[in-house]
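Only one structure is covered here, and it is reproduced in the block below.
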Amino acid sequence: MATTGSGGLRIESIGGGLRLVGVADLGTRAVLDRALAGVPATADLHLELAQLAFIDVGGVTALVAAAGRLDAGRRLVLHDPPPELLRIIDVMWGRPRTIEVHS
Amino acid sequence: MTFAHHGFLYRDVGEYLAGTLPFLTAGLDLGRPVLVAVPQPRLDLLRDRLGARAARVRFLDMREAGRNPHRIIPWVLRAFTEEHAGRPVRIVGEPIWPGRAPEEIPGCVQHEALINVAMADTDAEVLCPYDADGLHPGVLMYVRRTHPTMLEDGEVRTTGGYADPLATVALLNQPLPEPAGPVDEVGFGVDTLGAARALAGAQARAAGLAPERVVDLQLSVNEIATNTVEHGGAGGTVRAWWDGGRVICEVRGPGEITDWMAGRIRPPDSSPRGRGLLLANRLCDLVQTYTSPSSTVTRLHIRA
């Protein structure tokens, strides 16, 4: 879908969601925001994160906001998130019910 | 809604109990949520003396919960008032104790001053005991300056000496001493924040920090560097060193901090911003700041 240079963030469409490859920080915030704005609200959103090397607080905030935009009963499902993602969610939001983690 | 912030000087255990116990039991009699955030061994002392009533009180060891003084407002005090939103609460909070490291004291005094701003919209009554025999006169001189009222002889009194909180904060906004030993340094910009994270990670791993704490330091450094780029409008530098007990990462960049509430108030859930310093304050063992019109320096400490 979108790519930046080295140290950037590449986002690929996969069945039922997105695969994030690279780094989600201030330098790639716009790439992440654009991708999340385009996902349908009517289904669970799956994110494949095994190749996400880092995500910052702003990036996690964008994920939590995306989960909040899903229709009632739908969830954001995080697959193999990096450790700092869980740390940020646990500290700032205490693991919302709309977010499911598969490690 | 009324907020109250009383200072209280005590000289021994007897005076400590004479001031804190009636304040706590009166709060319990009124049915209020009550928090005791004081350092050990006085935490256990109060728990013992409250007896069966201790079951209705929240206890936090301030040596842990308040080890970084800038952590106390968002993650101890406001966390408690927000948990009990709409109800008046009582809190005994002792942020400064004998033996607290000198480098932590300016931030503690700034914290005490900023409570008056950050908690003004809450219905909390906070009592802050100070060990008048054990603390340095240079610390005790700030008690009346940072507390609008004092508890003396069992009575709350307006004693005078209270000063504008932001003037007190400015007074304690002083340049930080240069590190004594060798430091590693790297520059960063919006597209090279990874360099700041890499330096923090390398220093943390070399110091033998647990993997979770390596992550905490990298996250914190990344957020402060991100703030530098977003608010300062340009990149900056990160320096990292080991002081024998802690890893310290310093982020330096353009721009002055003018909002001292930053990192102390949780933004609404809908806000996309305003969580970076809040998180660093939560994760780090100490956060030090010196800000001037030309630049801001933030030091993040994680102990081994």
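Where a number appears in this text, it was derived from the coordinates with a stated rule and is not lab data. Here the structure is a predicted model, which means the values were calculated and not measured. Ideal geometry is used to build each Cβ from the backbone, glycine not excepted, and the neighbour counts take in all protein chains shown.
Worth pointing out:
- Lys/Arg +1, Asp/Glu -1 at C-beta; the stretch B:56-104 dipole; positive extreme among B:A101, B:W75, B:A85: B:A85
- The phi-based Karplus calculation (6.51 cos²θ - 1.76 cosθ + 1.60; θ = phi - 60°) puts the 3J(HN,Hα) values of the stretch B:174-180 at 10, x, 8, x, 5, x, 7 Hz, whole numbers, x for Gly and Pro.
- Shape category assigned to the stretch B:4-171 from the gyration tensor of Cα positions, a/c cut at 1.5: rounded
- Think of each Lys and Arg Cβ as +1 and each Asp and Glu Cβ as -1; about the Cα centre, that makes the dipole of chain B roughly 500 debye.
- Modelled this way, with points 7 Å down the Cα-to-C-beta line, the labels at B:A163 and B:M1 are 2.9 nm from one another.
- Take each residue in B:185-195, count the other chain C-beta atoms within 10 Å of its C-beta, and the mean is 3.
- Chain B shape via C-alpha gyration tensor axes, a/c threshold 1.5: prolate
- Burial order of peptide ranges A:23-34, B:77-88 (average beta-carbon count within 10 Å, highest first): A:23-34, B:77-88
- Relative contact order of the stretch B:151-266, pairs being alpha-carbon contacts under 8 Å that are 6 or more residues apart, as %: 24
- Taking every DSSP helix (H) stretch of at least 4 residues in the protein assembly as shown, weighting each as -39,500 (n - 2.57) and dividing the sum by the residue count yields a mean residue ellipticity at 222 nm of -10000 deg cm²/dmol.
- On the basis of the beta-carbon distance and an R0 of 22 Å, B:E230 and A:A53 show a calculated FRET efficiency of 0.55.
- Rounded tilt (10° steps) of B:105-118 against the dominant C-alpha axis of chain B: 70
- Linear extension gain, B:A198 paired with B:N173, 0.36 nm per residue minus alpha-carbon span: 6.1 nm
- Cut-off under 5 Å, modelled amide H: who pairs with B:A124 long-range: B:A4, B:V89
- What you get for the protein assembly as shown, charging only the Cβ of Lys and Arg (+1) and of Asp and Glu (-1), is a dipole of about 580 debye around the Cα centre.
- Here the Karplus curve 6.51 cos²θ - 1.76 cosθ + 1.60, taken at θ = phi - 60°, turns the phi angles of the stretch B:133-138 into couplings of 8, x, 8, 5, x, x Hz, with x standing for Gly and Pro.
- Taking the Cα centre of the stretch A:9-102 as reference, the dipole from Cβ charges on Lys and Arg (+1) and Asp and Glu (-1) amounts to some 180 debye.
- For A:L45, the residues whose modelled amide H falls within less than 5 Å of its own, excluding neighbours fewer than 5 places apart on the same chain, are A:R75, A:L76, A:V77.
- Packing rank of B:223-230, B:30-37, B:123-130, where each peptide gets the mean count of other beta carbons within 10 Å, highest leading: B:223-230, B:123-130, B:30-37
- With R₀ set to 35 Å, the beta-carbon distance separating B:D44 from A:L86 gives a calculated FRET efficiency near 0.60.
- Per residue, the average separation of C-alpha pairs within less than 8 Å and at least 6 apart gives chain A a relative contact order of 24 percent.
- Shielding by partners, peptide B:207-219 (average Cβ within 10 angstrom, other chains): 2
- Residues B:F8, B:F23, arranged from fewest to most other Cβ atoms within 10 angstrom of their Cβ, appear as B:F23, B:F8.
- Computed over chain B: relative contact order in percent, which uses C-alpha pairs under 8 Å that are six or more apart: 18
- Within-15-Å neighbourhood charge of B:R145 [Cβ basis; K, R +1; D, E -1]: -1
- Each residue of the stretch B:202-208 is assigned a 3J(HN,Hα), and the resulting list reads 5, 5, 5, 5, 4, 7, x Hz, derived from the Karplus form 6.51 cos²θ - 1.76 cosθ + 1.60 (θ = phi - 60°), x at Gly and Pro.
- Shape of chain A, Cα gyration tensor, a/c cut at 1.5: oblate
- In chain B, a dipole from Cβ-located charges (positive for Lys and Arg, negative for Asp and Glu) runs towards its positive end, and of B:S220, B:G7, B:L135 it is B:S220 whose Cα lies farthest in that direction.
- Of the peptides A:8-17, A:36-45, B:281-290, the ranking by mean beta-carbon count within 10 Å, highest at the top, reads B:281-290, A:8-17, A:36-45.
- Projecting the Cα atoms of B:F23, B:V34, B:A52 onto the dipole axis of the stretch B:1-73, where Lys and Arg carry +1 and Asp and Glu carry -1 at the beta carbon, places B:V34 farthest toward the positive end.
- Within 10 Å of each Cβ in A:27-33, the average number of Cβ atoms from other chains: 2
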